[in-house]
């Protein structure tokens, strides 16, 4: 039986509720603007491993056609529900190569979220052992800055993967809540398919919700569906070249076993080094929580599952590498992401250094194992100076993009800080100015 198309309207429709969409919606709502947020996922309960698998696109089995696993959460707050709160400031090349000065907006993010390094008292035994070994090998290994309220952290480190750790870790849900408190509307289970336009100007979006098709009429559209979600919408909206070239910041976990407490007890990605950043490598202590660790072993077969008994004594180092643009995202969501020769050399280099540190920490060299690379931050699919200009606007007036897809260069670092600063800049320098001009015309 056919159903009527659901029709909604707003000044600004924001597609996606991750860091970019939530920050844009929140800052517009605080200014008193009419904002409608559309989220494909729902309000999953935090801190629950079963719900974490439910949040994940294809229950953590999302992968490129080449087999590289990628992590993408479809839930209110997006992938910030499972990120670890790391707060790396935007790279200098964003201003030097693309003329985008985020300095004032970085200060705003600092003032609001107060990123600080993990306190000494929270460095666990495994993490400290890795840190001492790394320093002995000549690396400047120290606590890393995080969007975490350390005085409120009263949970096991692994729980940071499963939500906000009872409010200690900042997630985009906080900005969603603030946006709603200032009048923004949030509608879940709404999958946007395309942006509508007329005479070169955006007029809204259309898609499919729980009760069938929907249409939203809006004066401004901000796409923030993420590095894998925005490109298909753009392709369906008249941008056939969107989605060409994918960055995933391959995440590589190296494990070793010794006779003491393992990394699973520690705050993941609490400490690390940037000494190899110029090469394209960041190293941090990290161990997958046991459900994810076991899930990975199950994928490896019975022999791999048997090694789970060593999990309590496994030390882990995570390397993020700066990969190259490659592959594509199609309109149906299919992803190709080959890892080229240069990427493989960086992965090998990261494995070499991680092994060196773990052996120094007392791990049996025969116990060293490498998890397959996974895509940590899918991005770069709707790039600045390509599909969008430096103000994040497309060739369609009133259509903007603000999420990881706009990142123009490979980063090799967590992008949340950069996305938040870009969102604040978009509202302050573009959207708020547009509305002010429109309001003057009305009066």
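Details
- Per the Debye formula on identical point scatterers at the alpha carbon atoms of region 218-361, with no solvent, log10 I(q)/I(0) at q = 0.21 Å⁻¹ is -1.21.
- Note on region 340-405: Kirkwood hydrodynamic radius from all Cα pairs is 15.4 Å, rounded to one decimal.
- Taking 255, 310 and counting other C-beta atoms within 10 Å, the order from fewest to most: 310, 255
- Percent of Cα pairs exceeding the 15 Å cut-off, where the set is region 220-282: 71
- Length gained on full extension, residue 154 to residue 132, computed as 0.36 nm times the residue gap minus the Cα-Cα distance: 5.4 nm.
- Its Cα gyration tensor gives region 1-108 an equivalent ellipsoid; the semi-axes, largest first and in whole Å, are 27, 24, 15.
- Calculated mean residue ellipticity at 222 nm for the chain: -8000 deg cm²/dmol, from DSSP H runs with n ≥ 4 weighted as -39500 (n - 2.57), summed, divided by the residue count and rounded to 500.
- Approximate shape of region 72-141 as ellipsoid semi-axes (Cα gyration tensor, √5λ), whole Å, largest first: 29, 20, 14
- Residue 182 versus residue 211: modelled label distance in nm, points set 7 Å from Cα along the beta carbon direction: 3.0
- Region 121-207: radius of gyration and largest Cα-Cα distance (Dmax), Å: 21.5, 64
- Rough spin-label spacing in nm, given labels placed 7 Å along Cα→Cβ, for residue 48 and residue 201: 4.6
- Ordering 312-322, 73-83 by mean Cβ neighbour count within 10 Å, with the highest value first, yields 73-83, 312-322.
- Each principal axis of the Cα cloud of the chain was taken in turn, and the coordinate range along them, longest first, works out to 72, 49, 41 Å.
- Crossing angle, helix 103-113 versus the chain [Cα axis fit, 0-90 degrees, rounded to tens]: 70
- On Cα atoms only, tilt of 290-300 relative to the major axis of the chain in degrees: 80
- Most to least packed among 326-337, 267-278 [average Cβ atoms within 10 Å]: 267-278, 326-337
- Sorting 400, 175, 105 from the fewest to the most surrounding beta carbons within 10 angstrom yields 105, 400, 175.
- Order of 141, 49 under a 10 Å beta carbon neighbour criterion, fewest first: 49, 141
- Spatial separation of Cα centroids for region 110-167 and region 371-418, in angstrom: 27
- Label point at residue 356 placed 7 Å out along Cα→Cβ; residues across region 105-134 whose backbone nitrogen lies under 18 Å: 130-134
- Hydrodynamic estimate: the Kirkwood radius of region 168-290 over Cα pairs, inserted into Stokes-Einstein at 20 °C and 1.002 mPa s, corresponds to D of 113 µm²/s.
- Top of 23, 432, 202 by mean-square fluctuation, Gaussian network on the chain, Cα under 10 Å: 432
Just so you know, all these numbers are worked out from the coordinates, no wet-lab data involved. Treat the numbers as computed from the prediction; the structure is a model and nothing was measured. Cβ atoms come from the backbone with ideal geometry, glycine included; neighbour counts cover every protein chain shown.
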